[in-house]
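Q: My questions will all concern the structure given below.
The values are calculated or read from the model by the stated rules, or taken from the named source; none is laboratory data. In this text the structure is predicted, and so the values were computed from the model without any measurement. For neighbour counting, all protein chains shown are included, and Cβ atoms are generated from backbone atoms with ideal geometry for every residue, glycine included.
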């Protein structure tokens, strides 16, 4: 008779853009702490609309959309001033550079940004 030891498997997915410095820093933290993750590259795989919608539902578009980046600044002023949840979903779906990075999905929920305290809870 064979005995099989069961291991708890946590699935952590990091969403972002591979060349983003914050995403690279996140990879390094996870790698240094031996945390297994899957990477979803917006540039190669596109935006996961369900994850984006859940992130906006949980955190609000104001947290999910990066208003400090050049992509936001390039939007027409009238688009910036009239931004709402529906518009944020639509624009971010077409332009992933607007989404704050990293966006991390784990058993603990959805986390946005580089935060080692939050990462430690996922590990």
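Q: With a cut-off of at least 3 residues that are at pLDDT 95 or above and either over 20 Å from residue 95 (Cβ atoms) or over 14 Å from the mean Cα position of the chain (by Cα) (or both), name the helices (runs of 4 or more DSSP H) lying wholly within segment 1-83.
A: The qualifying helices (runs of 4 or more DSSP H) are 21-32, 70-74, 77-81.
Q: Follow-up question, since we're still on this one. When segment 70-89 is examined, which residues are found to be closer than 19 Å to residue 17 by Cβ and exposed (fewer than 15 other Cβ atoms within 10 Å of the Cβ)?
A: If the condition is that a residue be closer than 19 Å to residue 17 by Cβ and exposed (fewer than 15 other Cβ atoms within 10 Å of the Cβ), then 70, 73, 74 are the ones that fit.
Q: In segment 90-109, which residues are closer than 13 Å to residue 56 by Cβ and surrounded by fewer than 19 Cβ atoms within 10 Å (Cβ to Cβ)?
A: Scanning segment 90-109 gives 90, 91, 93.
Q: Just to be sure before I move on: is residue 55 at negative phi and touching a helix residue (DSSP H, G or I) at 6+ places or on another chain (Cβ under 7 Å) in the structure I sent?
A: In short, yes.
Q: Further question on the same structure: Pick out the one residue from 28, 10 that is exposed (fewer than 11 other Cβ atoms within 10 Å of the Cβ) and closer than 27 Å to residue 123 by Cβ.
A: The conditions single out 28.
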